[in-house]
Each structure stands twice: as C-alpha cells, then as structure tokens.
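Novice: Take a look at this one; I'll ask things after.
The values are calculated or read from the model by the stated rules, or taken from the named source; none is laboratory data. Small disclaimer: the values here were computed from a predicted structure and weren't measured. Positions of Cβ are backbone-derived with ideal geometry, glycine not excepted, and every protein chain shown enters the neighbour counts.
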Amino acid sequence: MIAMEARIVAGISVPGTPLVGRAIDYAREACEPYLFNHVMRSWLFAAKIAELQNITHDAEVLAVGALLHDITLNERFAGPRRFEVEAADLARKFATEAGLDGRRAQLIWDSVALNSTPSIGLYKEAEIALCTAGICFDVVGLKYSLIPSSDVRAIIAEFPRLGMKKKMTACFCHIAKTQPETTYDNFVRDFGERLVSGYSVPSSVDLIAEAPFAE
C-alpha cells in the first residue's frame, strides 16, 4: 500500500487525504442518503478486505472508485449509456481535474464501470478487484464470512442501510422501464424481466442470428 495520511472511519484505517475528502463530498452531494451510506460501506469493506488479505494497492484510487461508483444510480437516470459507464466518465473527470495521472484515472474508470460485473472486476488490478469485492460484499454479501462480524456491525452502525434493498431495486426497475436499451447485456435485465411489466430487450441469440453475414 502506498503510504499516505490516514484516518479512522468506523474502526477502519483509510486515507485521509484532500482528494478522498473531496470524493466523499461529491458522493454525499450526488447520492441520496441510503446510497451515500452504501458507497461509504463499500469503501470500508474494501479497505478491510485489503487489510485482512494484505493486498498492496493504491488506497486513494480504491477510495475514489468506491465512493463514486453509484453517482448516477437514481430514479432520475436518463442514459443514454449504462449508468455505470456514465458514472465512470464523471469519476475519471473528477480524478483528472484533481491532478491524477492517466493510469490512476483509468483505474478509477474501470473500478466504476465494472462495479456491477464481478465476473470481470474481481480479476482485474488490485484496486478494481478490491472495489468490486467491497461493493459486492455490501450488496449481495459476497464472501460475507471474510470480515469479522464485529467490524461489519461497526460499519453498518456508522452508515445504516436505510432500506437499501427496496430503494436500490426501485432504481434498477426505473432504469429497466425508461432506459431498457442500456440493460440488455447486464444485471439490470434481471430486474426488468421479473419486476417491470412490458419490459423487452434484444436477446443475444437474436443479435447473432440476425447479424448481416451469410454465416
């Protein structure tokens, strides 16, 4: 881990740099309270996983990626691309304007763009894999036994869930209903097919069969 000024949040040691402070402020402004608490928990869970597994990583990059990964997830989302990609562009702009070099900014972009695709994100660079792991821990309980229950309780006590399951589901259903073209190849499709009346998107089977080639 790159040495830098630290602070303790909910019992977890994380970077206390101005960049991270600005990312927290950005997330608080962009996210409604339940979602702000989610990104904070995701960051803290990711940082704890890194500590437990002794994973060398850029803690500022991890912080910014985790904190900004859902800044476009809301019931106002209007595309035109996947909400993760729209957020990734905003996060990279934030990083670049803060003076981060191209490599660190790109790691943040990947962390945000892949945050809901663990089948890829968990196998990327350490910062991306940790970001993905922290987010998935908070959303679906991925590897829930990895972090001591006392740490999990302390983090949730500091940043309560505030009905996240229902509120996040409402956001995904909104996207499936209003921007279905952004969902045909990703997890939001599951919410559309199960919970949104009239939801319809192309099938990958049809896309291949109808490709403009003879064979």
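Novice: Within the stretch 84-103, does at least one residue satisfy the condition of being under 13 Å from the mean Cα position of the chain (by Cα) and more than 27 Å from residue 176 (Cβ to Cβ)?
Specialist: No, every residue in the stretch 84-103 fails to be under 13 Å from the mean Cα position of the chain (by Cα) and more than 27 Å from residue 176 (Cβ to Cβ).
Novice: Is it true that residue 142 is on the phi > 0 side of the Ramachandran plot and either in contact with a Pro (Cβ under 9 Å, 6 or more places away or on another chain) or of a type in the set (Asp, Glu) (or both)?
Specialist: Working: on the phi > 0 side of the Ramachandran plot: no; either in contact with a Pro (Cβ under 9 Å, 6 or more places away or on another chain) or of a type in the set (Asp, Glu) (or both): yes.
For residue 142, the condition - on the phi > 0 side of the Ramachandran plot and either in contact with a Pro (Cβ under 9 Å, 6 or more places away or on another chain) or of a type in the set (Asp, Glu) (or both) - is not met.
One line per residue, one yes/no per condition, for (1) modelled with pLDDT of 95 or more; (2) touching a Cys at 6+ places or on another chain (Cβ under 7 Å); (3) surrounded by fewer than 23 Cβ atoms within 10 Å (Cβ to Cβ); (4) of a type in the set (Phe, Trp, Tyr):
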site: 47; (1), (2), (3), (4): yes, no, no, no
site: 54; (1), (2), (3), (4): yes, no, yes, no
site: 68; (1), (2), (3), (4): yes, no, no, no
site: 78; (1), (2), (3), (4): no, no, yes, no
site: 88; (1), (2), (3), (4): yes, no, no, no
site: 96; (1), (2), (3), (4): yes, no, yes, no
site: 103; (1), (2), (3), (4): yes, no, yes, no
site: 107; (1), (2), (3), (4): yes, no, no, no
site: 112; (1), (2), (3), (4): yes, no, no, no
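Novice: Of the residues 61, 9, only one is more than 25 Å from residue 170 (Cβ to Cβ), buried (at least 21 other Cβ atoms within 10 Å of the Cβ) and modelled with pLDDT of 95 or more; which? Break it down stepwise before answering.
Specialist: Numbers: 9 fails: buried (at least 21 other Cβ atoms within 10 Å of the Cβ).
After applying the criteria, what remains is 61.
Novice: Now a separate question. Can you tell me which residues in the stretch 146-165 are small (Gly, Ala, Ser) and on the phi < 0 side of the Ramachandran plot? Show your work before the answer.
Specialist: At the first step, the residues of the stretch 146-165 found to be small (Gly, Ala, Ser) are 149-150, 154, 157, 163.
If the condition is that a residue be small (Gly, Ala, Ser) and on the phi < 0 side of the Ramachandran plot, then 149, 150, 154, 157 are the ones that fit.
Novice: So, one more: Evaluate the following for residue 161: is it assigned to a loop (DSSP other than H, G, I, E, B), modelled with pLDDT of 95 or more, of a type in the set (Lys, Arg) and closer than 28 Å to residue 62 by Cβ? Reasoning before the result, please.
Specialist: On the way: assigned to a loop (DSSP other than H, G, I, E, B): yes; modelled with pLDDT of 95 or more: yes; of a type in the set (Lys, Arg): yes; closer than 28 Å to residue 62 by Cβ: yes.
Yes: the conditions hold for residue 161.
Novice: When you look at residue 138, is it assigned to a helix (DSSP H, G or I), charged (D, E, K, R) and either surrounded by 15 or more Cβ atoms within 10 Å (Cβ to Cβ) or touching a Leu at 6+ places or on another chain (Cβ under 9 Å) (or both), yes or no? Break it down into steps so the answer makes sense when it comes.
Specialist: Working: assigned to a helix (DSSP H, G or I): yes; charged (D, E, K, R): yes; either surrounded by 15 or more Cβ atoms within 10 Å (Cβ to Cβ) or touching a Leu at 6+ places or on another chain (Cβ under 9 Å) (or both): yes.
Here the answer is yes, as residue 138 does meet what is asked.
Novice: Hey, does the stretch 142-149 have a residue that's part of a helix (DSSP H, G or I), surrounded by fewer than 17 Cβ atoms within 10 Å (Cβ to Cβ) and in contact (Cβ under 8 Å) with a residue 24 or more places away in the chain? Full working, then the answer.
Specialist: Quick first cut of the stretch 142-149, residues part of a helix (DSSP H, G or I) only: 144-146, 149.
Next cut, surrounded by fewer than 17 Cβ atoms within 10 Å (Cβ to Cβ) only: 144-146, 149.
Now drop any that are not in contact (Cβ under 8 Å) with a residue 24 or more places away in the chain, which leaves 146.
Yes; the residues of the stretch 142-149 include at least one that is part of a helix (DSSP H, G or I), surrounded by fewer than 17 Cβ atoms within 10 Å (Cβ to Cβ) and in contact (Cβ under 8 Å) with a residue 24 or more places away in the chain.
Novice: Restricted to the stretch 184-197, and to residues that are assigned to a loop (DSSP other than H, G, I, E, B) and in contact (Cβ under 8 Å) with a residue 24 or more places away in the chain, which residue is surrounded by the most Cβ atoms within 10 Å (Cβ to Cβ)? I'd like the intermediate steps shown before the answer.
Specialist: If we filter the stretch 184-197 for residues that are assigned to a loop (DSSP other than H, G, I, E, B), which is where we start, we get 184-187, 196-197.
Checking which are in contact (Cβ under 8 Å) with a residue 24 or more places away in the chain leaves us with 186-187.
Values: 186: 14, 187: 11.
Here the answer is 186.
Novice: Sticking with this structure for a sec: Touching an Asp or Glu at 6+ places or on another chain (Cβ under 9 Å), assigned to a helix (DSSP H, G or I), of a type in the set (A, V, I, L, M) and surrounded by fewer than 23 Cβ atoms within 10 Å (Cβ to Cβ), is that true of residue 20?
Specialist: Working: touching an Asp or Glu at 6+ places or on another chain (Cβ under 9 Å): yes; assigned to a helix (DSSP H, G or I): yes; of a type in the set (A, V, I, L, M): yes; surrounded by fewer than 23 Cβ atoms within 10 Å (Cβ to Cβ): yes.
So residue 20 fits the description; yes.
Novice: Still on this model: List the number of the failed condition for residue 100; all other conditions in (1) more than 25 Å from residue 7 (Cβ to Cβ); (2) not in a helix (DSSP H, G or I) hold.
Specialist: Status for residue 100: all satisfied but (1).
Novice: May I pose another question? Select from the stretch 120-135 the residues that are surrounded by fewer than 21 Cβ atoms within 10 Å (Cβ to Cβ) and either of a type in the set (A, V, I, L, M) or more than 19 Å from residue 45 (Cα to Cα) (or both) and list them in ascending order.
Specialist: At the first step, the residues of the stretch 120-135 found to be surrounded by fewer than 21 Cβ atoms within 10 Å (Cβ to Cβ) are 120, 122-126.
Those that are surrounded by fewer than 21 Cβ atoms within 10 Å (Cβ to Cβ) and either of a type in the set (A, V, I, L, M) or more than 19 Å from residue 45 (Cα to Cα) (or both): 120, 122, 126.
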